[in-house]
There are 2 protein chains.
Amino acid sequence: MARTAGSHSDITGPRVLDAALRLFAQHGFAAVSMRQIARDVGVQAGALYNYTPDKQALLFNLMRRHMEDLLDQRANRDTSASPLERLEDFARFHIRYHLKRPDEVFIAYMELRNLTPENFEAIEELRRRYEAELEEILRDGVAEGVFAPADIRIATMAVIAMLTGVTTWYRPAGRLSVDEVEGLYWEMVRKSVSV
Amino acid sequence: MARTAGSHSDITGPRVLDAALRLFAQHGFAAVSMRQIARDVGVQAGALYNYTPDKQALLFNLMRRHMEDLLDQRANRDTSASPLERLEDFARFHIRYHLKRPDEVFIAYMELRNLTPENFEAIEELRRRYEAELEEILRDGVAEGVFAPADIRIATMAVIAMLTGVTTWYRPAGRLSVDEVEGLYWEMVRKSVSV
DNA sequence: GTCTATAAGCAGATAGAC
DNA sequence: GTCTATCTGCTTATAGAC
């Protein structure tokens, strides 16, 4: 099929989201203008509206894509393993995934307040589903007597916060590899909920 | 001394910072206008510039006040206590202090990227000094054989992230009191760095 | 110290030509 | 699909009257 000159829907579309991702992560949603995004993509500001109804949808779609990808990656996990194995898998996955996507993670945690109430609720629901897996692992471990956190819900929040915190300091050029970081955090997580 | 009509320097000054604190925490620095702050204080936008040279100084002073207050409160701690006692004191203090000042904490963590490079460096230096106390406690504990984290630096970051995370979910009307939350987190912290 | 008025510019979003 | 031009309204910050 012939293509109209200057028509790049399949190229420009993803580029708009990519530019928004990087710019929102670096400067914050409110501080980034549609004109900045357009400049980064290499089009005029008006052309962006062929790909998004507005700026809010740009933010929401970035967050939703991130959360849905996160859930997809946990969808086919091995639920027959022991709670200890499942907890280690979760902890290592969480660190690995978050360190691989620093921009998405940063936005997902920092820009929640810039979502409209409806969009906020949609993202929160996805987040709750992700946290539910960890809570279930801890609950199963308590039932089997291998874990003994004083409070399962608080332990869930504490473990997620601890693991996510790695994104605030980790630098690829630093003294530790991702694998080493995973191991160090896993040890702390394991001990923190142990009997 | 007679006061000029309409002159309220000693009242308006703190009110400007208070309004900025609340609005920045709620909507984000970039999303809040000087007009919004002025409206909240009850003056016209131009009058704000009697109290701050610009918007950036407003943000920086809020952050600096927060970090300096944090350090002040730790200045006269008991360094002769055991590492275990000092760690418990630090953990409980951190939670209590952060839950008492949700707006300051939120801004201090979310608005770092909106500081100028010089201001950012100044705040980071204060933050490093705060973290250094925890690192020192862990180091002393390792030397005495009561703590055994695999990596002291990572344990420092992990413990701070875990404790600070409480601000993301705690609500005063919830099922747990601050004291109970302190106790639950302290148990997890203690176990996570134990031998 | 606060006001009003204004400067100088950028914001999100849309219309219509090509 | 992208462009240019534009609408409307907002922004930070300053000047000068009171």
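The values are calculated or read from the model by the stated rules, or taken from the named source; none is laboratory data. Fair warning: this is a prediction, and the values are worked out from it, not measured in the lab. All Cβ positions, glycine included, derive from the backbone under ideal geometry; neighbour counts span all protein chains shown. Accessible surface areas use protein heavy atoms only, side chains included; no ligands, DNA or RNA. Shrake-Rupley method; radii C 1.70, N 1.55, O 1.52, S 1.80 Å.
Table for the structure above
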quantity	calculated
Label distances, nm, A:ARG171 versus same residue in remaining copies, Cβ-directed 7 Å point	4.0
Residues of the stretch A:101-144 buried by at least 50 Å² on assembly (accessible area, 1.4 Å probe, chain alone as reference)	A:MET110, A:ARG113
Extension gain from B:HIS27 to B:ILE11, taking 0.36 nm per residue of separation minus the Cα-Cα distance	3.3 nm
Helix-derived mean residue ellipticity, 222 nm - over chain B, DSSP H n ≥ 4, -39500 (n - 2.57), to 500	-23000 deg cm²/dmol
Proximal lysines to B:LYS191, defined as alpha-carbon separation beneath 17 angstrom and excluding residues fewer than eight positions away on the same chain	A:LYS191
Mean Cβ count within 10 Å, highest first, over the residues of peptides A:182-190, B:172-180	A:182-190, B:172-180
Summed residue charge, Cβ within 10 Å of A:LEU62's Cβ, Lys/Arg positive, Asp/Glu negative	-2
Cα gyration tensor shape of the stretch B:7-52, rounded if a/c is under 1.5, else prolate or oblate by comparing a/b with b/c	prolate
Cβ crowding within 10 Å averaged over residues, with A:95-107, A:45-57 ranked highest first	A:95-107, A:45-57
Accessible surface, 1.4 Å probe, highest first, among residues B:SER33, B:SER9, A:SER80	A:SER80, B:SER9, B:SER33
Nearest-first distances (nm) between copies at A:ASP103, label 7 Å from Cα via Cβ	3.4
Candidates A:ALA150, A:ALA25, A:ALA122: whichever shows maximal mean-square fluctuation once chain A is modelled as a Gaussian network with Cα springs under 10 Å	A:ALA150
Test item: A:162-168 mean partner chain Cβ contacts at 10 Å	6
Accessible surface, per residue, of the protein assembly as shown when the full set of protein chains is kept, probe 1.4 Å, Å²	50
Gain in span if fully extended, A:ARG129 to A:ALA143, counting 0.36 nm per residue against the direct Cα distance	2.9 nm
Accessible area buried, both sides summed, chains B and A with 1.4 Å probe, Å²	2800
Kirkwood Rh in Å, taken over the stretch B:55-118 so that all alpha-carbon pairs contribute	13.2
Overall dimensions of the protein assembly as shown by Cα: Rg and Dmax, Å	23.4, 85
P(r), alpha carbons of chain B - 10 Å bins starting at zero, rounded %	8, 30, 29, 19, 10, 3, 0
Apportionment of accessible area to carbon and sulfur, the stretch A:67-149, percent (1.4 Å)	47
Other-chain or far-sequence residues with amide H under 5 Å of B:SER194's (modelled H)	B:ALA148
Local electrostatic count, B:ALA38, Cβ distance below 15 Å [Lys/Arg +1, Asp/Glu -1]	+2
7 Å along Cα→Cβ, label-point gaps from A:ALA81 to other copies, nm, shortest first	4.0
Per-residue mean of C-beta atoms belonging to partner chains within 10 Å, peptide A:147-158	5
